[in-house]
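A.B. asks: This structure is in structure tokens; I'll ask about it shortly.
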Amino acid sequence: MFRVVIVEDEPPILRSIKEKIAAIDPGFKVVGEYYNGAAALLEMDIVQPHVLITDLHMPVMDGEALLERVRERYPDMLCVILTGYQQFEYARMAVRMGVVDYLLKPPTGATIGELLASLRQRLLQNQTLVESFILQRLLLPHSSVAHGGAELERYAREYFYHASYMLLYAWLPPELERDFPAAQLRDAAEAWLQDGERCYALAAPSHECILLLGVHELGGTRLGAWAAAGGPGGPDSAAVLAIPLRSGGIAGVPGALQLARRAAPQLSRMAGAAFAVHSPGEGVGEPLRAELPAAAVSHMAAFVRKRRKPEFMQALTAAIGDIGLGSLPRSTWIRTLQRLARELAPHAGAMGTDGAPERMENEISQAIWGAAQPEIALAHLTRIFGRLCEEEGSDEESAGWPEEVEAYLKANFTSNLSLADLAERFGLNPSYLSFVFKSKRGKSPGDYLIELRIEEAKRLIREFPRLLFKDIAEQVGYPDPYYFSKLFKQWAGLTPTEYKRGQRFD
């Protein structure tokens, strides 16, 4: 489906064009409606249109200024102007701005039908765009190439002609709040390819990277040699999976992607990137569990009963160190230490009752998924397990500083705050502050800060509908309005324009 944005300051005309497009050609979808060029430009990266239809005379930013910015930032976008006049000056400007067509206002159904037919022909001549369109349709829920109609099947066969395909999927734990370096993975994949083979990038969340490799052959020797060499590499904590699609062509991509997303969390470890080759028919079992020596567990239980915390901490650290926290998958460590928590809880008196073991298990999971290095995870784990040797109510983490951090964020969320700033202000280790805050509030300080800013932005949109989005962005702490628009969409599920349109103003 080709995406269309309409920019027109007369609501009846905008609504008429949208309705006619939907009625004439369902292959085009209007994904954005704006009354001026500035609002449209803010959300271009979010809605990612293939076609822009814009009026020329509008407030704030007119159509000519919008077209200049679009040509600079989105050179492949097809642009159409709306005008009430057939004048040579407009034709000259259209040529200069790379406009492909124009519509006289008010456009009729016949003229819109002719425009859509012309646009479709132009769009389908762009090979990269067609490939992206097919792959996007392929990944839609409950969709496949076979369900996309005869035309989509024909284009899939024409554009995806390689003998074999392989899905290359990379993942970082989202708890780390880091973007996956997609360019690094793509460079490594393209270096592995032979002449005539292709690498296609698929849209993915920031902590993932999804590539489809079209290759001449996927013999075991070639793929095995890559695996033996460690695969494409990646940052610490990354899990990278290669899933050959030996039959069915690209139709097997959705199933392979589901498999990859289930399997990746069981590969991620703190030290280095993990790489594995999976067969499409291969299942994903339960995470493995490391066995701690029975004698070590018995000694730890005795130390817990006697409240001998120093000896307990020494025994715990030694047991973890003997197995190697950084060398095993995170999922293995979570299962191993959650079981240890269940075994030690009965020896901890009141600290081992009233839901405390369940809380410990949740904290263990948070500590391991959210730690970038083994040393950080170990520091969190010793604090979690150390509470087993303390009397009820003696937990230093029950002090009031998490509430103080929360109050500080509420009072200063429009300021430029970082985790390091908070840690310095409250005299705490940044990783420790984030871990404890998240365990008690259910979200990291960074996520809590974003939530406060987005809620304030919603309030400003509701109460001050004439306020420009760029001014709202600055008022809530985001000097870059484009970044603000993306973040708003990510957290609110709507673009700022869509949210504003859903409000009722007096």
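A.B. asks: Let me check I've understood the local charge: for Asp447, count other residues with C-beta under 12 angstrom from its C-beta, Lys and Arg +1, Asp and Glu -1. What total comes out?
C.D. replies: After counting each charged neighbour, the total is +1.
A.B. asks: While we're on this one: Let's test the formula: R0 of 30 Å, r as the Cβ-Cβ distance of Leu139 and Glu72. What FRET efficiency results, to the nearest 0.05?
C.D. replies: E(calc), rounded to 0.05, equals 0.50.
A.B. asks: Further question: Give me the lysines in straight-line cross-link reach of Lys443: C-alpha distance below 26 Å, same-chain residues under 8 apart excluded.
C.D. replies: Those lysines meeting the cut-off are Lys410, Lys458, Lys486, Lys489.
A.B. asks: What part of the accessible area of the chain, given as a whole %, is carbon or sulfur when the probe is 1.4 angstrom?
C.D. replies: Ligands and nucleic acids excluded, carbon and sulfur give 51 percent.
A.B. asks: Sticking with this one: Using each residue's phi in region 259-265, evaluate 6.51 cos²θ - 1.76 cosθ + 1.60 at θ = phi - 60° and report the 3J(HN,Hα) Karplus result to the nearest Hz, with x for Gly and Pro.
C.D. replies: Ordered by residue, 3J(HN,Hα) equals 4, 4, 5, 6, 7, 4, x Hz.
A.B. asks: Then there's this: How would you rank 6-18, 360-372, highest first, on the average number of other Cβ atoms within 10 Å across their residues? Working shown, then result.
C.D. replies: Working: 6-18: 17.9, 360-372: 21.3.
The packing order, highest mean first, is 360-372, 6-18.
A.B. asks: Set the Förster distance to 41 Å, then compute FRET efficiency between Arg425 and Ala295 from the Cβ-Cβ distance, nearest 0.05.
C.D. replies: Approximately 0.35, to the nearest 0.05.
A.B. asks: Picking from Leu185, Phe426, Pro479, whose Cα lies most toward the positive end of the charge dipole for the chain (charges on Cβ: Lys, Arg +1; Asp, Glu -1)?
C.D. replies: Leu185
A.B. asks: Could you tell me how many degrees, from 0 to 90 and to the nearest 10, lie between the Cα long axis of helix 481-492 and the main elongation axis, the longest principal axis, of the Cα atoms of the chain?
C.D. replies: With both axes taken from Cα atoms, the answer is about 60 degrees.
A.B. asks: A further question follows. How much length, in nm to one decimal, is gained on full extension between Thr108 and Ala411, taken as 0.36 nm per residue of separation minus their Cα-Cα distance?
C.D. replies: Computed gain between Thr108 and Ala411 is 103.7 nm.
A.B. asks: Around Thr332, what is the net charge, scoring Lys/Arg as +1 and Asp/Glu as -1 over all other residues with Cβ under 12 Å from its Cβ?
C.D. replies: Residues near Thr332 contribute +3 overall.
A.B. asks: Treat each spin label as a single point 7 Å out from the Cα along the C-beta direction, and report the Ala182 to Arg441 distance in nm.
C.D. replies: Placing both labels 7 Å along Cα→Cβ, they lie 3.0 nm apart.
A.B. asks: Still on this structure: Taking only protein heavy atoms and a 1.4 Å probe, what accessible area per residue, in Å², does the chain have with all protein chains in place?
C.D. replies: Value for the chain: 47 Å² per residue.
A.B. asks: Fully extended, how many nm does the chain gain between Gln373 and Asp236 (0.36 nm per residue separation, minus their Cα-Cα distance)?
C.D. replies: My answer for the length gained is 48.5 nm.
A.B. asks: What's the ranking of 308-321, 411-424 by average number of surrounding C-beta atoms within 10 Å, highest first?
C.D. replies: 308-321, 411-424
A.B. asks: Give, rounded to the nearest 20 debye, the magnitude of the charge dipole that region 165-244 has about its Cα centre when Lys and Arg contribute +1 at Cβ and Asp and Glu contribute -1 at Cβ.
C.D. replies: On the way: 4 positive and 10 negative charges, 37 e Å.
Charge dipole, region 165-244, about its Cα centre: 180 debye, nearest 20.
A.B. asks: For the chain, take the convex hull of the Cα atoms, compute a quarter of its surface area, and give me that in nm², please.
C.D. replies: 28.5
A.B. asks: I'd like the orientation of helix 294-305 relative to the chain: the angle between its Cα long axis and the longest Cα principal axis, in ° from 0 to 90, rounded to 10.
C.D. replies: 80
A.B. asks: Sticking with this structure for a sec: For region 1-86, rounded, prolate or oblate, judged on the Cα gyration tensor with a ≥ b ≥ c (square roots of eigenvalues), a/c < 1.5 rounded, else prolate if a/b > b/c? Walk me through the numbers before you get to the answer.
C.D. replies: On the way: a/c = 1.62, a/b = 1.13, b/c = 1.44.
Oblate, because a/c is 1.5 or more while a/b does not exceed b/c.
A.B. asks: In addition: Given the rule -39500 (n - 2.57) for each run of at least 4 DSSP H residues, summed and divided by the residues of the chain, what is its mean residue ellipticity at 222 nm, to the nearest 500 deg cm²/dmol?
C.D. replies: On the way: 23 runs with 261 residues, N = 506.
The helix contribution divided over the chain gives -16000 deg cm²/dmol.
A.B. asks: Which value, in debye to the nearest 20, gives the size of the charge dipole of the chain about its Cα centre, when Lys and Arg are +1 and Asp and Glu are -1 at the Cβ? Present the calculation step by step, with values, prior to reporting the outcome.
C.D. replies: Working: 54 positive and 63 negative charges, 160 e Å.
Rounded to the nearest 20 debye, it is 760 debye.
A.B. asks: Report the full-extension gain for the segment Ala191 to Tyr432: residue separation times 0.36 nm, less the Cα-Cα distance, to one decimal in nm.
C.D. replies: 82.7 nm
A.B. asks: Against the longest alpha carbon principal axis of the chain, how many degrees, from 0 to 90 and to the nearest 10, is the axis of helix 182-192 turned?
C.D. replies: The two axes meet at around 90 degrees.
A.B. asks: Nearest 20 debye, what's the magnitude of the dipole of region 192-305 about its Cα centre given +1 on Lys and Arg Cβ and -1 on Asp and Glu Cβ?
C.D. replies: Roughly 280 debye, rounded to the nearest 20.
The values are calculated or read from the model by the stated rules, or taken from the named source; none is laboratory data. Everything quoted here is computed from the prediction, not taken from an experiment. Positions of Cβ are generated from backbone atoms using ideal geometry, with glycine treated the same way; all protein chains shown enter the neighbour counts. Keep in mind that these areas ignore ligands, DNA and RNA; they rest on the heavy atoms of the full protein, side chains included. Shrake-Rupley method; radii C 1.70, N 1.55, O 1.52, S 1.80 Å.
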